[in-house]
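The values are calculated or read from the model by the stated rules, or taken from the named source; none is laboratory data. Model, not experiment: these values are computed from the prediction. Every residue, glycine among them, receives a Cβ derived from its backbone with ideal geometry; neighbour counts consider all protein chains shown.
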Amino acid sequence: MTAAVAVDLGKTGCRAVLWEEGDAGGARTRDVSEAPGAPGLAADGGVGAARSAVRAAVLPLLERRRALRLAVVCVGAAGAASAPEAARALADGLLADLPADQAAVTSDAITAHAGALGGSTGVVLAIGTGAVAVGIGADGSYARVDGWGPWLGDEGSGAWIGAAGLRAALRAHDGRGPDTALRAAAEERFGAADRLPLAVGRDGNPARAAASFAPDVARTAAAGDPAARRILREAALALGEAVFAAAGRVGGPAASAVPVALTGGLTGLGEPLLGPVRAVLADAPRPLDLRPPLGDPLDGARLLALDPKAPHEAHVVRVRRTAPLPPLPNPPATPSAHA
C-alpha cells in the first residue's frame, strides 16, 4: 500500500501526518507525530536543522508501518520562500533520509494558504511564531507580505507580541515605562527580570522563546492591563496592513470581495487578539470576505503532495528519486527485563 506524508515545519514545532491511499475520501488521517521545530531554512544551518526535525517527526510514523510505500513527502517549511536553494537542498536531503519516491518542499505560508482556502485563491494570514500574508489570484498573481523573520519583520506575530510584552516588562522594571502586570507575568514564566535576556536566548531559538510569552500578553490584556491591550492593538494593525497589501496585489476587480482566512497557532489567543484584528479588517480599503479556515497547514501540505496542478505549484520545489530507496533505520532495541 502507498502513502503520503505531510509535514508542517515551523520554528516552534514540527508536525507530520501520514495518509494512506484508499482511506475514505482518498486521504484520511491515520497517524500523527510531533517533534521540536527548527529556526528556519534561511538561518545558518537551517537545512540541517530542518532535516533533523522532519526525520524526528516522520520516522516514528514509518516505523509503525514498515510495509508502506511512501509515494511523496511534502513539507511546508518556515524560511523556504526566502531561501529557494535551501528548499531544494532540503528536498534532496529528505530523499536521502526517507524511503519516498518524491519530496516536495514549499513555504509553510503556502501550505497554510492551501489548507485554509482548500486550494482556492484569495488571501491567507498565517500567524504563529512568525507572521505572513499570502495572496494568490485567479490570474496567477502572487503576493507575499512580511514573513521576513523576527529581526526584520513578522510584525504582529507571536514572537513580535511576546517580545513587545517583555520589553514593556523591562521598561517597568527599569522605571522607564508605566507599571504593568506584564512584569509579574514575565518573571513568573522566565524568572527574575534582570535575567530575561539570558532566559530568552537559552535554547538557541529566541523567537520561539519570545513567542511563548504571547499567551501571557493575551491573558494580561483580557484582564484589562493597558500595556498589554496596546500591544495587541498594534499587532492587529500590523496584521491588517499585511492583509490589505496582499489583497491589493492579487484581488482582481476592486468591487469584488477578496476571500480572506486567518490560520496558525496564534489564532488560539482568541478574542484579545482576534477582536482587534476583525475590527481592523472591517475598515479595509476594499471589500474582504472573511471566512473560517477550511483546514490547517497539514491539510494544505497533503493537498499539494497529491495535486501538482493546484494554483500553488509554481511555489513548490519537487524532487523525484533517481537513486535506490534508503532503508529505514531499525528502531531502538527494547531493553531486556532481565538486563
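Brief remarks follow.
- Here residue 204 clears all of (1) more than 15 Å from residue 276 (Cα to Cα); (2) small (Gly, Ala, Ser); (3) in contact with a helix residue (DSSP H, G or I) (Cβ under 8 Å, 6 or more places away or on another chain) except the condition numbered (3).
- Selection count where residues are under 15 Å from residue 235 (Cα atoms) and part of a strand (DSSP E or B), scope the range 118-130: 3
- When residue 133 is tested against (1) out of contact with any Gly (no Cβ under 7 Å at 6 or more places or on another chain); (2) outside any strand (DSSP E or B); (3) among the small types (Gly, Ala, Ser); (4) under 30 Å from residue 294 (Cβ atoms), exactly one condition is not met: (2).
- Residue 201 being of a type outside the set (A, V, I, L, M, F, W, C), out of contact with any Cys (no Cβ under 9 Å at 6 or more places or on another chain) and at pLDDT 95 or above: no
- Residue match in the range 105-121 (condition: farther than 19 Å from residue 243 by Cβ and modelled with pLDDT of 90 or more): yes
- Boolean, residue 250 is among the β-branched types (Val, Ile, Thr) and modelled with pLDDT of 95 or more: no
- When 48, 40 are checked against the criterion of being modelled with pLDDT of 85 or more and either surrounded by 18 or more Cβ atoms within 10 Å (Cβ to Cβ) or not assigned by TED's automatic domain parsing to the domain that holds residue 148 (or both), 48 stands alone in meeting it.
- All positions within the range 199-214 that are farther than 13 Å from residue 185 by Cβ and either not in a helix (DSSP H, G or I) or not assigned by TED's automatic domain parsing to the domain that holds residue 163 (or both): 202, 203, 204, 205
- Set 284, 261, 305: member being in contact (Cβ under 8 Å) with a residue 40 or more places away in the chain and either surrounded by fewer than 14 Cβ atoms within 10 Å (Cβ to Cβ) or part of a loop (DSSP other than H, G, I, E, B) (or both): 284
- Residue within the range 157-171 that is touching a strand residue (DSSP E or B) at 6+ places or on another chain (Cβ under 8 Å), within 28 Å of residue 121 (Cα to Cα) and in a loop (DSSP other than H, G, I, E, B) present: yes
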